[in-house]
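Heads up: the structure comes next, in structure tokens.
Derivation of every value follows stated rules applied to the coordinates shown; laboratory data play no part. Note that the coordinates shown come from a computational prediction; the quantities given were computed from them, not determined experimentally. Counting neighbours? That spans all protein chains shown, and the Cβs are built from the backbone with ideal geometry, glycine included.
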Amino acid sequence: MTPIRRPKALFLDRDGTLVHPRHYPSRPADLLLYEGIGPLLRGVQEAGLRLVVITNQSGLARGLFTEGDLGRMHAHLASELARFGVRLDGVYHCPHHVEGTIPALAVACDCRKPQPGMLLRAAADLDLDLTRSWFVGDILDDVEAGARAGCRTVLVDLGTEPTPQTRLRRPDYVARDTAHALRIVAAREGIGPPDDLTYQPATWNARHSSMAATDRPTVATTNKRATNADNR
Ligand SMILES: [Mg+2]
Ligand SMILES: [Zn+2]
């Protein structure tokens, strides 16, 4: 009998990863899904990975919008994804910020990325296997949150992030854009064709940036590793 395994997740940052980056988006129309990622997300979901959005929303602590506004934004996001047959398994947000103006939310918390609190909560709620899961985000705080939770990480390069200086902030892979990140996940999960796994931001110092310089596998050997990773 095949042992029953806990599901893996693809954790996704929201702003700059699923949708175009905006400064404190507060209305549904502010969330504009990147083109071309719907079918890729659907492919990952059909392969059995849970899709979970993990987002810092300090605008709540700053009084820029309310939980009601955020609910309307996420309902819009869900309907945009539904056009591609994609259904989110969870959306977790951190409403906190120590410099907030709403007293109840102006606190230090364990959920604001780079802390892994939201991922740990999602893992408990959805019975996820974090070590077989992925985190895709556009800043190094996303990478660190994913690494702290034990996930594999992909940084979407929007050109904003400096060379990582600590191991926890070094992504396993860097992608040119979110579609590339999703193709990397699909390739490593054995559900998509091989893709470029060696991309690095031009401004990064190769010696410190990632696994790439020393022990990043070539595409060919990576495919073998993908099989092993599947069996973890
Ligand atoms: Mg982001
Ligand atoms: Zn928080």
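Please give the length that would be gained between Glu99 and Gln165 if that part of the chain were fully extended, namely 0.36 nm times their separation in residues minus their C-alpha to C-alpha distance (nm, one decimal).
21.2 nm
Where in region 149-163 does the label zone of Ala206 land, with the point 7 angstrom along Cα→C-beta and an amide N cut-off under 14 Å?
Answer for region 149-163: none.
Given an 8 Å cut-off on Cα distances and at least 6 residues of separation, report the relative contact order of the chain as a percent.
Values: 439 pairs, mean separation 41.2, N = 232.
With pairs under 8 Å counted, the relative contact order is 18 percent.
Which distance in Å, rounded to a whole number, links the C-alpha centroids of region 1-45 and region 151-197?
Taking the Cα centre of each part, region 1-45 and region 151-197 sit 14 Å apart.
Which of the trypsin sites (Lys or Arg not before Pro) found in region 65-139 are loop residues per DSSP with 13 or fewer other Cβ atoms within 10 Å of their Cβ? Mind dumping the intermediate values first?
Values: sites: Arg72, Arg83, Arg87, Arg112, Arg121, Arg132; in loops: Arg83, Arg87, Arg112.
Answer in residue order: Arg83, Arg87.
Taking the Cβ of Gly38 as the centre, find all other residues whose Cβ is under 10 Å away and add up their charges (Lys, Arg: +1; Asp, Glu: -1).
Taking every Cβ under 10 Å from that of Gly38, the sum is 0.
Would you mind counting up the charge near Val136? Only other residues with Cβ under 9 Å from its Cβ, with Lys and Arg at +1 and Asp and Glu at -1.
-3
For an R0 of 25 angstrom, estimate the FRET efficiency from the Cβ-Cβ distance between Leu32 and Ala78 and round to the nearest 0.05.
Once rounded, the FRET efficiency stands at 0.95.
Among all stretches of the chain without exposed GluC sites (Glu not before Pro) (DSSP loop, at most 13 other Cβ atoms within 10 Å), which one is longest?
100-232
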